[in-house]
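Working notes, structure below.
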Amino acid sequence: MAMDRKTFIAVLFSLGVLFSAVGVQLFPVANAFQTIITPTITLNSPCQACVYLTNNVTLDYNISLYTHTIIGGYLETIDPLYYQIDAQTPVSLSATYVPPYTQQDTPSMVYAIGNYSLPSLPDGVHNLTIFGTANQKPLTPADSFGGSYNENISKTVSFTIDATPPIISDLSIGNTSYSSTQIPLSFMVSKTTSWMGYSLDNRANITVNGNVTLTDLAEGYHNLVVYANDTFGNMGKSDAVFFNVTLPAPTPNPTSTPSATAVPSPSAPEFPTMVWPVILLATAFVLATAAIMVKRKH
């Protein structure tokens with residue numbers, strides 16, 4: 001049987017009154033339509049396993065939040081919110097919500113963001129945890145379908161501070177004078193290095209793997225600086241040393257005087273051995289002749 005207009009209007013009015021009277025029973029249904037997404041913490045700084053060459057690191061974070069349910073408008077907030085470094089006392093944070101919360105007809109993502117300067121941290125490995133409680137609450141009293149909820153969230157990262165450059169000490173070359181154009185150079189470095197070198201007289205760096213000998217040094221004054229770079233990029237340098245190379249004056253060679261040639265003294269001529277018999281025979285002949293002539297005279 002067809003329902004007339006007056007009857008149809010009466011039925012609609014009765015249904016409206018009925019639903020108004022039992023509206024509270026619809027809360028579970030509204031809750032069933034509610035979309036709940038666990039907030040996600042993103043730490044932009046410090047980041048996991050990162051190395052920082054400064055003792056002053058910035059805490060930069062954002063937390064993704066959901067702002068809408070299908071039946072009612074809901075927002076999520078993070079309260080309270082803290083960060084903690086190396087089991088020290090937690091420090092309270094306040095978040096800025098971007099974009100600002102508004103009641104919307106479609107689901108929307110909102111971010112709680114923050115940027116803080118952390119206290120100066122010593123060299124070494126550190127752990128930072130950011131943690132808090134996410135609260136979902138109605139945007140307005142009229143949106144109170146499904147109630148509210150709380151959820152604890154946290155995020156931990158480990159990072160390293162290495163802000164100290166290598167210390168270079170115990171240079172074998174000092175502020176003194178040397179009498180050689182070749183001078184050994186040795187030195188000590190306080191930490192592991194990825195590069196070492198030296199600059200002589202403000203010229204370009206010369207790479208070395210360790211101790212070395214400076215060669216072909218000119219006479220005069222020189223300056224020297226040793227450099228070392230650690231594995232994270234910190235550059236260290238020694239104090240400048242100033243030294244002088246002074247070579248000893250050459251020893252002059254004495255002028256040689258030509259030695260006099262010895263002149264042998266004159267001596268009696270030496271007669272050959274065979275001459276003496278001849279002289280004796282001649283003497284005997286003369287004596288014999290003289291004796292014969294004396295006899296003839298008598």
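Details
- Residue in the stretch 102-111 that is among the hydrophobic types (A, V, I, L, M, F, W, C), modelled with pLDDT of 95 or more and either assigned to a loop (DSSP other than H, G, I, E, B) or touching a strand residue (DSSP E or B) at 6+ places or on another chain (Cβ under 6 Å) (or both) present: no
- Filtering Asn175, Asn152 for residues that are under 30 Å from Cys47 (Cα atoms) and of a type outside the set (Lys, Arg) leaves a single hit, Asn152.
The values are calculated or read from the model by the stated rules, or taken from the named source; none is laboratory data. Since the structure is predicted, the reported quantities are computational estimates derived from the model, not experimental observations. Ideal geometry is used to build each Cβ from the backbone, glycine not excepted, and the neighbour counts take in all protein chains shown.
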